[in-house]
Amino acid sequence: TAGITQAPTSQILAAGRSMTLRCTQDMRHNAMYWYRQDLGLGLRLIHYSNTAGTTGKGEVPDGYSVSRANTDDFPLTLASAVPSQTSVYFCASSDRDRDTEAFFGQGTRLTVV
Amino acid sequence: EDKVVQSPLSLVVHEGDTVTLNCSYEVTNFRSLLWYKQEKKAPTFLFMLTSSGIEKKSGRLSSILDKKELFSILNITATQTGDSAVYLCALYSGAGSYQLTFGKGTKLSVIP
């Protein structure tokens, strides 16, 4: 089934450790996004990519990095996790040329202890 | 910086009531406004409103966009308990950098 896949679905991570959240889509969408969702704060944009090879910072980029080596994959890396990065992370993609809606992955629940 | 403000933040209604959810925005380069419904997991798409499509309807849900006053509303008539969810308003913007900015959402609770 076409769509967008995130892995893992949940993770407990020790503070100070690094981790990469994976996101893959098979819709050939050029735009991809990473959000974090926290109670009362809604979905906040961390990083985005308009096309393979380019990335941009969103509202809350500190402590996170991304890469977009190809169209399908958009991994999010936490270099040294802190408890404030405990959140639910959503990856999304869209076709900016056709102005489609954004399609979301099922999310990754990350707990940093 | 683009901004999306939703109101109210939460709302409790009885089944059968009609509700109106509000979304106001500030944007430099408007492309489109979207509404999503979020229950347990990922947001699911409801409507996209653009300059050429300022009114959408699907069953009991409808939405309008006022580009002059910079707001949108989402109406739900004859509410059901299955409408209980967080409703998210989002904005596509940008000429060069293409971003999707969300509001904080409105949590709707429909009680029998």
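The values are calculated or read from the model by the stated rules, or taken from the named source; none is laboratory data. Computed from a prediction, not measured in an experiment: that's the story for all the values here. FYI the Cβ positions are ideal-geometry reconstructions off the backbone, even for glycines, and counts take in every protein chain you see. For accessibility, only protein heavy atoms count, side chains too; no ligands or nucleic acids. Shrake-Rupley method; radii C 1.70, N 1.55, O 1.52, S 1.80 Å.
Protein-only accessible surface at a 1.4 angstrom probe places the residues A:I12, B:I73, B:I64 in the order A:I12, B:I64, B:I73, largest first.
Per residue of B:80-90, other chain Cβ atoms within 10 Å of the residue Cβ number 1 on average. A probe of 1.4 angstrom, applied to the heavy atoms of all protein chains, finds A:D99 with accessible area near 50 square angstrom. In summary, the aspartates and glutamates within cross-link reach of B:K67, defined as a Cα separation below 20 angstrom excluding same-chain residues under 8 places away, comprise A:D99, A:E101, B:E1, B:D2, B:E26, B:E55.
For the residues of B:38-51, the average number of beta carbons from a partner chain within 10 Å of their own beta carbon is 4. Exposed loop sites are taken as trypsin sites (Lys or Arg not before Pro) in a DSSP loop (any state but H, G, I, E or B) with at most 11 other beta carbon atoms within 10 Å; the longest stretch of chain B without one runs B:69-112. The mean sequence separation of alpha-carbon pairs under 8 Å and at least six residues apart, normalised by the residue count of the range A:51-113, gives a relative contact order of 26 percent.
Spin-label model, B:T77/A:A14: points 7 Å from Cα along the beta carbon direction are separated by 6.0 nm. Seen from a random direction on average, the alpha-carbon convex hull of the range B:19-80 projects onto 4.8 square nanometres. Using every Cα-Cα pair within chain B, state what percent have a distance larger than 24 Å. Beyond 24 Å sits 21 percent of the P(r) for chain B.
Heavy-atom accessible surface of A:R22, to the nearest 10 Å², is about 130 Å², with a 1.4 Å probe and all protein chains retained.
For chain B, relative contact order (Cα pairs under 8 Å, six or more residues apart, normalised by length) works out to 37 percent. For chain A, the solvent-accessible area of protein heavy atoms averages 46 Å² per residue (probe radius 1.4 Å; ligands and nucleic acids excluded).
B:E26 contributes about 100 Å² of solvent-accessible surface, heavy atoms of the protein only, 1.4 Å probe.
Interface between chains A and B: roughly 1800 Å² of accessible area buried, both sides summed (probe 1.4 Å, protein heavy atoms only). All other residues whose Cβ lies under 10 angstrom from that of B:S62 are scored, Lys and Arg at +1 and Asp and Glu at -1, for a net of +2.
For chain B, the solvent-accessible area with a 1.4 angstrom probe is 49 square angstrom per residue. For the range A:33-113, the Cβ-based charge dipole about the Cα centre amounts to some 200 debye (Lys, Arg positive; Asp, Glu negative; other atoms uncharged).
Counting Cβ atoms of other protein chains within 10 Å of each residue's Cβ and taking the mean over peptide A:24-35 gives 1. Could you work out the Kirkwood radius for the range A:1-112, taking every pair of different alpha carbons, averaging 1/r and inverting it, reported in Å? Kirkwood radius, the range A:1-112: 13.9 Å. Taken about its Cα centre, chain B carries a charge dipole of roughly 240 debye when the Cβ of each Lys and Arg holds +1 and the Cβ of each Asp and Glu holds -1.
Computed from the C-beta positions of A:S80 and A:A52 and an R0 of 22 Å, the FRET efficiency is 0.20 to the nearest 0.05. With Cβ to Cβ distances under 15 Å as the rule, what net charge do the other residues near A:N30 carry (K, R +1; D, E -1)? Local charge sum for A:N30: -2. Summary of the geometry: the range B:1-45 and the range A:28-96, compared by the centres of their Cα atoms, lie 21 Å apart. Dividing the mean sequence gap of close Cα pairs (under 8 Å, 6+ apart) by how many residues chain A holds gives a relative contact order of 35 percent. Rounded to 0.05, the FRET efficiency of the A:L39 and A:E59 pair, given R0 = 22 Å and the Cβ-Cβ distance, is 0.85.
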